[in-house]
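Trainee: Structure in structure tokens, see below.
The values are calculated or read from the model by the stated rules, or taken from the named source; none is laboratory data. Note that this is a predicted model, so its numbers are computed, not measured. Heads up, the Cβs are rebuilt from the backbone with ideal geometry, glycines too, and the neighbour counts pull from every protein chain shown. Keep in mind that these areas ignore ligands, DNA and RNA; they rest on the heavy atoms of the full protein, side chains included. Shrake-Rupley method; radii C 1.70, N 1.55, O 1.52, S 1.80 Å.
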Amino acid sequence: MLTAAANIISLFGACLRLGTISDQTARSELKSRLPKQRKPLEAKLNHALREPLPPNTRRRSRDLAIDYHEIPYHGHGPKNHVRGNKPRSGTTTFFTYATACLIHHGHRYTLAYTWVRAEDSTVEVLQRLLTEVGNSGVRIRKLLLDRGFFSVAVMQFLQERNCPFLMPVVMRGRKPRRGKKSTGWRMFRRKPAGWYRHTHRHKGEEVTVRVCVSYKSYRHHRTNKRRAKTLVFASWRVSGAPRDVRDAYRTRFGIESSYRQLGQARIRTSTRNPILRSFFVGLALLLRNLWVWFQALWFGEDRHPRVQAASKRFQFRWMLAVLAQGNNDNETLSDTRT
């Protein structure tokens, strides 16, 4: 498993490289050891994800980022196993996984993950993730959600659970025209920075949230001219200046780094078996959590140039290569730390 993950190859390629075991034997052994259902598999892997979590992360409430990660699938299989989306990488079907990532002093731990099927609603996915987060003992200060979670049902669910949240709104409503003002969420683009109260209605359901309007100034990469962009967030039980809210939400994008590193340790496969695919994703997240734990243990928050240089040398791919060697290379790990 470690050889396949470290080299981003398939089980067949790993067995061929090692030359000690056949790929059929490896598949049969793996199949016999894995649970047959999604729930027990995710319960075991989520418990393993929480093992390297430092104890001080449970001392006070933390911000959590939740998002979807899609892995392109080029094949035919049960429609319930994959979800459709916009064309990307030559396909419109994806194996989808949702993760909850803890943001702790720059170190991002994946607390929970779950496989998302076509029939799963967003509320069901959130409920599974928040249940696993509750098992970890980490208290939630606020959830930083992607715009894919923007819906009345999600906001009602989080308010019922008394869970603060912050998410960008999906612009809906009439666009401004001559003699007619914009309506719905679009009207907030014309408002000054600040906090407002709004009732969102959709298909006979409604929810009242606080709306934060903030502005971001940036330089266009082509024209090199300064531009301003309006940022509109829907929130509940979140306070602060609009600039602070904007900067707080920016920390959510660290979850994208975890997905990039997930791809650096995910065993490649073309199997239709969703349990095996889910295990490969969970294994990659587990290895990444181990790397984050080493970073926090050895280098912490020390800003000394030598410590920072050593931290940059200790890359995720290097750790995977050392683990895959299996030759008790502890001295190499110590050299990187120093």
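Trainee: Out of everything in region 212-244 that is among the β-branched types (V, I, T) and modelled with pLDDT under 95, what residue ends up being most open to solvent (accessible area, probe 1.4 Å)? Working first, answer last.
Mentor: Step one: list which residues in region 212-244 are among the β-branched types (V, I, T), which gives 213, 223, 230, 232, 238.
Narrowing the set further to residues that are modelled with pLDDT under 95 leaves 223, 230.
Values: T223: 67, T230: 40 Å².
Here the answer is T223.
Trainee: Here are some residues: T122, T93. Which one is of a type in the set (V, I, T), within 30 Å of P52 (Cβ to Cβ) and in contact with a helix residue (DSSP H, G or I) (Cβ under 9 Å, 6 or more places away or on another chain)?
Mentor: Criteria check complete, one pass: T122.
Trainee: Turning to a different aspect of this structure: Applying the selection to region 147-168, what residues are open to solvent by 40 Å² or more (accessible area, probe 1.4 Å) and farther than 21 Å from S61 by Cβ?
Mentor: R147, G148, A153, Q156
Trainee: While we're looking at this one, here's another question. Among (1) hydrophobic (A, V, I, L, M, F, W, C); (2) outside any helix (DSSP H, G or I); (3) in contact (Cβ under 8 Å) with a residue 24 or more places away in the chain; (4) within 30 Å of T110 (Cα to Cα), there is one condition I255 misses while meeting the rest; what is its number?
Mentor: Just one mismatch for I255, condition (2).
Trainee: For region 149-166, give me each residue that is farther than 15 Å from H198 by Cβ and in a helix (DSSP H, G or I).
Mentor: F149, A153, V154, F157, L158, E160
Trainee: Further question on the same structure: Which of the residues belonging to region 47-68 are of a type outside the set (D, E) and open to solvent by 80 Å² or more (accessible area, probe 1.4 Å)?
Mentor: H47, P55, R58, R59, R60
Trainee: Go through region 201-230 residue by residue and tally those that are more than 24 Å from S61 (Cα to Cα) and touching a helix residue (DSSP H, G or I) at 6+ places or on another chain (Cβ under 6 Å).
Mentor: Filtering region 201-230 for residues more than 24 Å from S61 (Cα to Cα) gives 201-208, 213-230.
Next, from what is left, pick out any that are touching a helix residue (DSSP H, G or I) at 6+ places or on another chain (Cβ under 6 Å): 202, 205, 207, 213-214, 230.
Of the residues in that region, 6 qualify.
Trainee: Here's another thing I want to ask about it. Out of all the residues in region 271-285, which are at pLDDT below 95 and either among the small types (G, A, S) or open to solvent by less than 20 Å² (accessible area, probe 1.4 Å) (or both)?
Mentor: P274
Trainee: Oh, and also: Among the residues of region 176-183, are any under 21 Å from R252 (Cβ atoms) and open to solvent by less than 90 Å² (accessible area, probe 1.4 Å)?
Mentor: no
Trainee: Out of everything in region 204-226 that is in contact (Cβ under 8 Å) with a residue 12 or more places away in the chain and of a type in the set (K, R), what residue ends up being farthest from V238 (Cα to Cα)?
Mentor: This residue is K216.
Trainee: Of the conditions (1) of a type in the set (D, E); (2) free of Cβ contacts under 8 Å to residues at least 40 places away in the same chain; (3) closer than 20 Å to T99 by Cα, E42 fails just one. Which one is it?
Mentor: E42 satisfies all of (1) of a type in the set (D, E); (2) free of Cβ contacts under 8 Å to residues at least 40 places away in the same chain; (3) closer than 20 Å to T99 by Cα except (2).
Trainee: Does region 302-315 contain any residue that is among the hydrophobic types (A, V, I, L, M, F, W, C), farther than 14 Å from A6 by Cα, in contact with a helix residue (DSSP H, G or I) (Cβ under 8 Å, 6 or more places away or on another chain) and not assigned by the TED database to the domain that holds Y113?
Mentor: Yes - at least one qualifying residue is present in region 302-315.
Trainee: When you look at L262, is it closer than 30 Å to R117 by Cα, at pLDDT 90 or above, of a type outside the set (D, E, K, R) and open to solvent by less than 20 Å² (accessible area, probe 1.4 Å), yes or no?
Mentor: yes
Trainee: Of all residues in region 69-103, which are under 18 Å from L143 (Cα atoms) and surrounded by fewer than 17 Cβ atoms within 10 Å (Cβ to Cβ)? Explain how you work it out, then say what you get.
Mentor: To start, the set of residues in region 69-103 that are under 18 Å from L143 (Cα atoms) comprises 69, 97-103.
None; the set is empty.
Trainee: Going through region 114-148 one residue at a time, which ones are part of a helix (DSSP H, G or I) and either within 15 Å of Y97 (Cβ to Cβ) or of a type in the set (K, R) (or both)?
Mentor: Within region 114-148, T122, E124, V125, L126, R128, L129, E132, R147, G148 qualify.
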